[in-house]
1. Give me a count of the residues in the stretch A:238-249 that are touching a residue at least 12 places away in the same chain (Cβ under 8 Å) and over 20 Å from A:Leu271 (Cβ atoms).
2. Looking at this structure, is A:Leu113 farther than 30 Å from A:Arg444 by Cα and either among the aromatic types (Phe, Trp, Tyr) or away from chain B (no Cβ under 14 Å) (or both)?
3. Would you mind telling me which numbered condition in (1) more than 14 Å from chain B (Cβ to nearest Cβ); (2) surrounded by fewer than 22 Cβ atoms within 10 Å (Cβ to Cβ) A:Gly316 fails?
4. Counting just the residues of the stretch A:270-287 that are modelled with pLDDT under 95, part of a helix (DSSP H, G or I) and facing chain B (nearest Cβ under 9 Å), which one comes out nearest to A:Met401 (Cα to Cα)?
5. Counting only residues that are touching a Lys or Arg at 6+ places or on another chain (Cβ under 8 Å) and either among the hydroxyl-bearing types (Ser, Thr, Tyr) or assigned by TED's automatic domain parsing to the domain that holds A:Leu189 (or both), how many does the stretch A:398-412 have?
6. Sort through A:Leu342, A:Leu406, A:Leu368, A:Leu394 and tell me the only one that's assigned to a loop (DSSP other than H, G, I, E, B) and among the hydrophobic types (A, V, I, L, M, F, W, C).
7. Would a scan of the stretch B:352-371 turn up a residue that is among the basic types (Lys, Arg), buried (at least 24 other Cβ atoms within 10 Å of the Cβ), in contact (Cβ under 8 Å) with a residue 24 or more places away in the chain and within 12 Å of another protein chain (Cβ to nearest Cβ)?
8. Among the candidates A:Gly174, A:Gly192, A:Gly213, A:Gly170, which residue alone is buried (at least 23 other Cβ atoms within 10 Å of the Cβ) and touching a Cys at 6+ places or on another chain (Cβ under 7 Å)?
Number of protein chains: 2
Amino acid sequence: MTQLPDRVEVVIVGAGFAGLAAATALRAAGARVAVLEARDRVGGRVWTRPVGAARFDLGGQWIGPGQRRLAALTERLGVATFPTYTAGDKLLDDGARVARYKGAIPALRPLELAELHLALRRLDRMMARVSARDPASSPGAAELDRATVAEHARRIRGRRVRALLDVAVGAIFGVEPAELSLLWFLAYLRAGGGLLALSEIEGGAQERRFVDGAQTIADRWAAELGDAVHLAAPVRRIAHAGTGADAGVIVTSDRGAIAARRAIVAIPPPLAARIELDPAPPARRVQLVQRAAMGAIVKVIATYDRPFWRDRGCSGEVVSTRGPVALAFDNSSHDLRQPALLAFVQAEAARRWLTAPGHDEAGVLAQLARWFGDEARHPSAVAVADWAAEPWSLGCPVAVMSPRALTSTGASLREPVGRVHFAGTETATEWTGYIEGALESGERAAREVLRAI
Amino acid sequence: MTQLPDRVEVVIVGAGFAGLAAATALRAAGARVAVLEARDRVGGRVWTRPVGAARFDLGGQWIGPGQRRLAALTERLGVATFPTYTAGDKLLDDGARVARYKGAIPALRPLELAELHLALRRLDRMMARVSARDPASSPGAAELDRATVAEHARRIRGRRVRALLDVAVGAIFGVEPAELSLLWFLAYLRAGGGLLALSEIEGGAQERRFVDGAQTIADRWAAELGDAVHLAAPVRRIAHAGTGADAGVIVTSDRGAIAARRAIVAIPPPLAARIELDPAPPARRVQLVQRAAMGAIVKVIATYDRPFWRDRGCSGEVVSTRGPVALAFDNSSHDLRQPALLAFVQAEAARRWLTAPGHDEAGVLAQLARWFGDEARHPSAVAVADWAAEPWSLGCPVAVMSPRALTSTGASLREPVGRVHFAGTETATEWTGYIEGALESGERAAREVLRAI
């Protein structure tokens, strides 16, 4: 490991996509930076490792239309993408039976379909009135922020339609609708183009994947930053020091301290809360970070000798309103040399899973077998990523806000505290919660710092 | 400051009432303990200091019927109590006008009164079905935990009746109804004997005060523990170490490390979350502590040369549905040598206060003047305690749970993680959130440890 420098211009905490974006923008402007990363790898909530005969993403893995920063970065770094597999029928499992369907909308009875369209139109209309940049300024913001998504969903008639919303919320946030402020939910949808865009493969956030996994992007990018990136260096404390022209911060990590003019904290708010700031941050920020909580998602990748689900005319995509698996996808390698299925255990099911580690792996395979036949019970390899057990993420995919956090304290999300700035996908105004949002946030924090130094 | 010992049997983190109770119980059983306290004082959310010519409580200050542990402790330590002043009329300020009333129920129109009684009866009936010890086992627990108190309150007809609930929730929790799980709220009411008992002076949780302030109790109690209590020693890390007969923990503080067989963490959950545990705690606990958030209350004490409000036949008690002050009390010293009023700015009003420190002090005095006359504008002294800005509390009076936290992860609240046990009033099953609950929790954690070592 390289020695930490004594002094740089800007210390960046976290080598996820937000931190790497901030570091790159600052370096491009001529600033000397140090990126301190707690883990022994870069990438944050992106994490690729070998499963079976290929490399698979156990964290973020998709790129969709409109994610222009990520598209440009990927192209610049020479990382190829390929379309998520969609040929064939999708399945809807409501516990009682498994139905086949095509297109974006699951197989429902006509009245349920009508209700689903109505619910989606209602959400779209509400979303259109909410500002993603400053949700608290939206008309009716306080009342929307006093409601949960569950409360809103009680208007939806049809148990199966409501169950579909549960699945979508679980997949996008890793929580149940009851845990989300309705205002925050609408702002998040707005930032990503709507509930369908966030839920869909074709034309949506799951449209394409990265050959060899998304971490290739982070790895190549970090290589450009060279010895400015320091691994296994969790930051514990950021203290303001000096006055006038000497004013700056001392950033203390397990590998030593660095003096800098400014710091950018590019990690999720609940994790940022654990870094001691001196002087203590304003009470409003202290209240905010206690009201942002990471979701829980367990990602299971099972590799097989052949893509037997394709033989049955199935695309591999399943929406299931009974657990533990709520969503499944064909996750084969780009060249099909390693066929694979991907299963998501999310929200409450993920937390239950966590209480007895591993006890549900058989349950996951049993569900895959219910959908695709007995061959699913015999994978060549299985990888399980339990993000809520990751001490340097505290959960996945994103920190969600509970009722009244946003209108009461939300302004502190992006507000610098003295010479400490905040990045991370939670602070983004476009594609909040996605890799794209992380990039936006890092660039924005870098601009703040460049204006100041 | 005394040197930290190298090794004890049990390290206790936090010298609030929970920590002191645990330490006392363990010492009584012959165990050698060390109490590590981050602040330079004991008492935690109890904090007394001079204002004008007497000592006043800027934190917890009341004892009510049924708080038998606190009553016994107070008596043993020779701390006298006296009744909270109640002679005279109470005031209800609904923004439009100020009305006088007597008794427990504010001055409302007959229909509003009927609705208020109905709402209280409904809450009592719901509360009676909820277990304070294990709320998640109550009938209908999952559905109750998916609702917020705000959602429940929408059934209440009458804006002024709902506003009174807002005031009560703000006073008891420092948050708005939208921030609370309905199940958690009902369990909390159950643990303290109901909403009226928690709201009332006579026969309720605000019945008596402590001569010279509640911290006298903590100070005398800590003196009994002598050099086992170490101040200015914030704990950063608790690592499991050793195996078999040598198995134990290493507790690292800013003043050095102590080896022990077990540790008891006796601080609020959001603060406990910031202590690094090695190995990392189970994901369920990680998810839980992200879903418990401290309330915000600003306590303002204004001292006067004479108790002019009493001349007007007022008890000093005011319920106000317009801010910033939501509640006021006569808070004169026991001997009336220092007349004083106490004003609470709570929940959203407290957070707004926090964004512009001090900007509302004039607003507080203006409200007191509206109720008690112009003399209120000229206090001899004013003390302001902004608990949300306290880095070693993160808020006040208690950590509240958002929807779905309790039924999903709540079991982890009291569940030891290896050799680390948890106390603090949030973990109590009787008088959760009160000094009494802190005492119960400390005694319970001490019993857990004694059974284990």
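1. The total comes to 4.
2. For A:Leu113, the condition - farther than 30 Å from A:Arg444 by Cα and either among the aromatic types (Phe, Trp, Tyr) or away from chain B (no Cβ under 14 Å) (or both) - is met.
3. It is condition (2) that A:Gly316 fails.
4. A:Gln287
5. Counting residues in the stretch A:398-412 that are touching a Lys or Arg at 6+ places or on another chain (Cβ under 8 Å) and either among the hydroxyl-bearing types (Ser, Thr, Tyr) or assigned by TED's automatic domain parsing to the domain that holds A:Leu189 (or both) gives 4.
6. A:Leu394
7. No, there is no match, as no residue in the stretch B:352-371 is among the basic types (Lys, Arg), buried (at least 24 other Cβ atoms within 10 Å of the Cβ), in contact (Cβ under 8 Å) with a residue 24 or more places away in the chain and within 12 Å of another protein chain (Cβ to nearest Cβ).
8. It is A:Gly174.
The values are calculated or read from the model by the stated rules, or taken from the named source; none is laboratory data. Computed from a predicted model, the values in this text were never measured in an experiment. Every residue, glycine among them, receives a Cβ derived from its backbone with ideal geometry; neighbour counts consider all protein chains shown.
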